[in-house]
1. Spot the failing condition for H83; the list is (1) closer than 24 Å to T133 by Cβ; (2) open to solvent by 10 Å² or more (accessible area, probe 1.4 Å), and only one is missed.
2. Is the stretch 232-240 home to any residue that is modelled with pLDDT under 95, small (G, A, S) and at negative phi?
3. Give me the residue from the stretch 192-243 that is part of a loop (DSSP other than H, G, I, E, B) and among the small types (G, A, S) and, out of that set, nearest to the ligand (Cβ to nearest atom).
4. Taking I175 as the residue in question, decide whether it is in contact with a strand residue (DSSP E or B) (Cβ under 8 Å, 6 or more places away or on another chain), outside any helix (DSSP H, G or I) and open to solvent by 20 Å² or more (accessible area, probe 1.4 Å).
5. Do you know which residues across the stretch 34-76 are part of a helix (DSSP H, G or I), at pLDDT 95 or above and acidic (D, E)?
6. Go through the stretch 31-53 and give me each residue that's in contact with a helix residue (DSSP H, G or I) (Cβ under 8 Å, 6 or more places away or on another chain) and more than 9 Å from the ligand (Cβ to nearest atom).
7. So R130 ticks every box in (1) buried (at least 22 other Cβ atoms within 10 Å of the Cβ); (2) away from the ligand (no atom under 14 Å from the Cβ) but one. Which box is left unticked?
8. For R186, only one of the following conditions fails: (1) within 25 Å of D48 (Cα to Cα); (2) part of a helix (DSSP H, G or I); (3) within 16 Å of the ligand (Cβ to nearest atom). What is its number?
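The values are calculated or read from the model by the stated rules, or taken from the named source; none is laboratory data. Since the model is a prediction, treat every value here as computed from it, not as a measurement. Every residue, glycine as well, gets a Cβ built from its backbone with ideal geometry; the counts of neighbours run over all protein chains shown. Side chains are part of the model used for accessible areas, which takes the heavy atoms of the whole protein and leaves out ligands, DNA and RNA. Shrake-Rupley method; radii C 1.70, N 1.55, O 1.52, S 1.80 Å.
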Amino acid sequence: MPPPTTEDRPLVMGVLNVTPDSFSDGGQWFEGADAVVRGMEMVGEGADIVDVGGESTRPRARPVPLDEELRRVLPVVEALAPHVRVSIDTTKAEVATAAVAAGATLINDVSATLWQVAADHGVGWVAMHRKGTPADMQDAPHYDDVVGEVRAFLAERAATAADGGVAEVWIDPGIGFGKTIGHNLRLLGSVDALVGLGIPVMVGTSRKSFLGVLSTPPGQPPAPTGDRLAASLATATWAMSQGARMVRVHDVPATVQAATLVGPPGGPSIGSAANGRRDRP
Ligand code: HH2
């Protein structure tokens, strides 16, 4: 399946976690059949890509053994791939390879290490920045210059993959992966610095914990994951308006609407959805 075009609007990647413990949708579609139903629902809602994951990356998540991760994701990838572009969210080369054989055409790699698998199989690759691993990444993360460090890391990864023969490379600043709230905000404020590298940028803020904190007044408990739609949409729309060409989200219909309003990357931006309709009262 050829990559979807990004001519009309930024792409919307729908999150499908086949896990018992993901921070937002963990356990909701842990059974493969439920996951396929949810994936098809997102297709109906306008998702361009469905991102299937079998291992949570949230802080302190328990690692999943290889055979268990394969058991979780492969039937789901196989069932969805005839209907939509499927990405596999994994850090294991074996899982990426098996998922590609089952029909996935994009490797969403939060470890930014699996470019060789993408090169070997002629599929796309997302390189995400993270500091540390789920076990330790939120233990006082520190950067001298978070934007500069993330940008340099992603530029190097992308160049290595491109030199190694990966034709489709995406870069992602890894919001929430070894970052404080301040780091996340600085990275979001500098999406254009990543876009300036000339490599397609994707951003995932959907329902993340910093949005729970920032959605309520200081001193109040964070908003629960189900109450983070407005903040998720605001940050996704911000990233798209700064040139991100894909956002990874749980709430597909609202984000597709927002992406349609943002319009083509580098194009007329907000308002392009009005093309042909500007004179209507
Ligand atoms: N975030 C998560 C997982 N995978 N991949 C990319 N490229 N970018 C992200 O920001 C990103 C990602 C975390 O979200 P989620 O999958 O909903 O939760 P969990 O890791 O707990 O399964």
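1. Condition not satisfied by H83: (1).
2. From the stretch 232-240, those modelled with pLDDT under 95 are none; that's our starting set.
No, that holds for no residue.
3. The residue in question is G204.
4. The answer is no for I175.
5. Matches in the stretch 34-76: E41, D67, E68, E69.
6. Filtering the stretch 31-53 for residues in contact with a helix residue (DSSP H, G or I) (Cβ under 8 Å, 6 or more places away or on another chain) gives 32, 35-36, 39-40, 42-43, 45-47, 50, 52-53.
Matches in the stretch 31-53: G32, A35, V36, G39, M40, M42, V43, E45, G46, A47, V50, V52.
7. Evaluating R130 over (1) buried (at least 22 other Cβ atoms within 10 Å of the Cβ); (2) away from the ligand (no atom under 14 Å from the Cβ) leaves (2) as the failure.
8. With (1) within 25 Å of D48 (Cα to Cα); (2) part of a helix (DSSP H, G or I); (3) within 16 Å of the ligand (Cβ to nearest atom) applied to R186, the lone miss is (1).
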